[in-house]
Amino acid sequence: MKMTLQIIWTKNATWKLKGYPRYWIKWLRLICSQSRYKMLYFLIWILFTILLLGFTLARSHPYRFPRFLAFESILSLIFLNAAVWFLDPFSFLQVFSWICLVGSILLVGYGFFLIKTKGHPEGDFEDTTTLITSGVYSYIRHPLYTSLILFSLGAFLKDPSFLGMGLVITTVIGVYLTARIEEGHNLERFGEAYQNYVEQTKRFIPKIF
């Protein structure tokens, strides 16, 4: 009986010893391939960050730096969760994530349409000559910034983490500071009409905030 067990153990031990090199080689290949992808993501993130920073520095708006903070946080969220962006597409988090992302795109598209058709911008699309108070602007003052918050939430839900939550909070802070500065600029530009508009609407969420 002892001899039989010894033979089985010896065979198992031999099999395991033979299997270990293959096992580790397979894992090393997987780790190396993941490392390459991570390095590629990191390099692309750096490239986009440099481009975004250059675009920010080229502008003269007083709120360009808090807006950069918001966009950079969203960019970081996208690359943080890039590997799982399309993973398990019918899970609850993924479905809710896509609702936020699609809602964000629709909202920003509608917001740009109103700026172009109702705001009559001169030069820069943000330099509107008419105060927009119709459409989604009749409920919130900054639909484009709301779309950024929605997009950051959608990107976060791809793979929730403490780091991702921190980036969402940073996005909200950047958007909030941008909106505050922009409202001061609009108050100087449109005067009492804008003050009345502020009293009748919310910043980002209708009836709430």
ask   = Condition test on Gly154, is it more than 18 Å from Arg67 (Cβ to Cβ) and touching a Cys at 6+ places or on another chain (Cβ under 8 Å)?
value = yes
request  = Answer yes or no as to whether Ala58 is of a type in the set (A, V, I, L, M), within 30 Å of Glu126 (Cα to Cα), modelled with pLDDT of 65 or more and in contact with a Gly (Cβ under 6 Å, 6 or more places away or on another chain).
outcome  = no
ask   = Looking at Gly135, is it touching a Ser or Thr at 6+ places or on another chain (Cβ under 8 Å) and touching a residue at least 12 places away in the same chain (Cβ under 8 Å)?
value = no
note = Filtering helices (runs of 4 or more DSSP H) wholly in the stretch 107-209 for at least 2 residues that are in contact with a strand residue (DSSP E or B) (Cβ under 7 Å, 6 or more places away or on another chain) and not assigned by TED's automatic domain parsing to the domain that holds Asn81 gives none
message = Going by what's in this entry, would Ile173 be described as in contact with a helix residue (DSSP H, G or I) (Cβ under 8 Å, 6 or more places away or on another chain) and under 22 Å from Gln200 (Cα atoms)?
response = no
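Residue-wise test of (1) surrounded by 15 or more Cβ atoms within 10 Å (Cβ to Cβ); (2) at pLDDT below 90.
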site: Phe71; (1), (2): yes, no
site: Ala82; (1), (2): yes, yes
site: Phe96; (1), (2): no, no
site: Cys100; (1), (2): yes, no
Selection status of Ile173, of a type in the set (Val, Ile, Thr), under 14 Å from the mean Cα position of the chain (by Cα) and exposed (fewer than 14 other Cβ atoms within 10 Å of the Cβ) = no
ask   = Restricting attention to the stretch 118-133, and to residues there that are modelled with pLDDT of 90 or more and closer than 14 Å to Pro143 by Cβ, which single residue is surrounded by the most Cβ atoms within 10 Å (Cβ to Cβ)?
value = Ile132
remark   = Taking the stretch 74-101 and keeping residues without any contact (Cβ under 8 Å) to a residue 24 or more places away in the chain and in a helix (DSSP H, G or I) leaves Phe92, Val95
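The values are calculated or read from the model by the stated rules, or taken from the named source; none is laboratory data. What you see is a predicted model, and the numbers here were worked out from it, not measured in a lab. Every residue, glycine among them, receives a Cβ derived from its backbone with ideal geometry; neighbour counts consider all protein chains shown.
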